[in-house]
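The block underneath contains the structure these notes are about, expressed in structure tokens.
Here, each number is a calculation from the coordinates, and none is a lab measurement. What you see is a predicted model, and the numbers here were worked out from it, not measured in a lab. Ideal geometry is used to build each Cβ from the backbone, glycine not excepted, and the neighbour counts take in all protein chains shown.
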Amino acid sequence: MTARCVFEDGVAHLDVRGLPAPQPMVAILSCCAKAPPGASLVVSLDRDPVFLYPELAEQGWVATRIAGDAGEVLLRVERVAP
């Protein structure tokens, strides 16, 4: 199973729940690399991706936790403004 990265109206919804490590991080970083200017991602995960945050920051992105279902970690991932 792989996560699909499709941008609609500038947002990609990426569900990486159930994927073994490091596939969630790889899928998120790959999606960021394909993102058009001004786009963002909404990502559903099983747990807080603590190792992802420094990788995102290094590439000019930031993740913010948003409200999700019980037991789900939901993040909005956006490019840092220059």
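Under 18 Å from a label point 7 Å along Cα→Cβ of D48: give me every residue in segment 18-32 with its amide N that close.
Taking a point 7 Å out along Cα→Cβ of D48, the residues of segment 18-32 whose backbone N falls under 18 Å are 25.
Taking the highest mean first, how do the peptides 41-47, 65-71 order by number of other beta carbon atoms within 10 angstrom per residue?
So the peptides 41-47, 65-71, ranked by packing, come out 41-47, 65-71.
Where does the charge balance sit around A21 when Lys and Arg score +1, Asp and Glu -1, over other residues with C-beta under 14 Å from its C-beta?
-1
Using a/c under 1.5 as the rounded threshold, could you call the chain rounded, prolate or oblate? The axes a ≥ b ≥ c are square roots of the C-alpha gyration tensor eigenvalues, and prolate needs a/b larger than b/c, oblate otherwise.
It comes out rounded by the Cα gyration axes.
Which angle from 0 to 90°, rounded to the nearest 10, does the C-alpha axis of helix 23-34 make with the longest principal axis of the chain?
20 degrees
Return, in residue-number order, each cysteine of the chain whose C-beta is not under 4.7 Å from any other cysteine's C-beta.
Among the cysteines of the chain, those whose Cβ sits 4.7 Å or more from every other are C32.
Pull out a ≥ b ≥ c, the square roots of the eigenvalues of the alpha-carbon gyration tensor of segment 38-82, then state rounded if a/c is under 1.5, prolate if not and a/b is larger than b/c, and oblate in the remaining case.
It comes out oblate by the Cα gyration axes.
A21 to E58: extension gain in nm, 0.36 nm per residue of separation minus the Cα-Cα distance?
11.3 nm is the gain from fully extending A21 to E58.
Tell me the mean residue ellipticity at 222 nm calculated for the chain from its helices only (DSSP H runs of n ≥ 4, each -39500 (n - 2.57), averaged over every residue, nearest 500).
About -6500 deg cm²/dmol.
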